[in-house]
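> Take a look at the following structure, please.
The values are calculated or read from the model by the stated rules, or taken from the named source; none is laboratory data. Model, not experiment: these values are computed from the prediction. Don't worry about glycine lacking a Cβ; one is built from the backbone with ideal geometry, like all the others, and counts go over all protein chains shown.
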Amino acid sequence: MTGSTVRTTYFVRGTVQGVGFRWWTRAQALELGLTGHARNMSDGRVEIVAEGPQEAVEEMGRRLSPTAAPPSGRRRPGHVESCTAVPGEPRGQASGFVEK
């Protein structure tokens, strides 16, 4: 995917810890060519920082959305109640996408 580089932090709430959600998120991010991380937060949410082409970051947001209906083979583990996106400035420092 091409386009300007953007960075968005997504905060996902629901049943998203202990169910393979971060692993699934990493697989999606790598497929989309994004860099960043997914980490559990102490309040039960998962924080996802995604940086890359604007179209890919927006697609990641669609896949994280509570209303997402991913094609078979991309079944998202857990249950997403809400996903909040917070835009940020690209840092260009990250390499790869990791689970923290």
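> Look at Gly61 and say whether it is in contact (Cβ under 8 Å) with a residue 24 or more places away in the chain, on the phi > 0 side of the Ramachandran plot and under 11 Å from the mean Cα position of the chain (by Cα).
No; evaluated as a whole, the condition is false for this residue.
> OK, next. Looking at region 18-47, which of the residues that are in a helix (DSSP H, G or I) and among the small types (Gly, Ala, Ser) is surrounded by the fewest Cβ atoms within 10 Å (Cβ to Cβ)?
Checking each candidate, the answer is Ala27.
> Also, I was wondering about something else. Please tell me if Val98 is modelled with pLDDT of 95 or more and outside any loop (DSSP other than H, G, I, E, B). Break it down into steps so the answer makes sense when it comes.
On the way: modelled with pLDDT of 95 or more: no; outside any loop (DSSP other than H, G, I, E, B): yes.
So Val98 fails the test.
> Let me ask another. Quick one: in region 48-81, which of the residues that are among the polar types (S, T, N, Q) and part of a loop (DSSP other than H, G, I, E, B) is nearest to Phe97 (Cα to Cα)?
Ser65
> Continuing with this model, one more query. Could you check region 1-17 and list, in sequence order, the residues that are buried (at least 19 other Cβ atoms within 10 Å of the Cβ), more than 16 Å from Lys100 (Cβ to Cβ) and not β-branched (Val, Ile, Thr)?
The answer is Arg7, and nothing else.
> Further, regarding this structure: Which is farther than 24 Å from Pro90 by Cα, without any contact (Cβ under 8 Å) to a residue 40 or more places away in the chain and more than 10 Å from the chain's Cα centre (by Cα), of Gly18, Gly33?
Gly18
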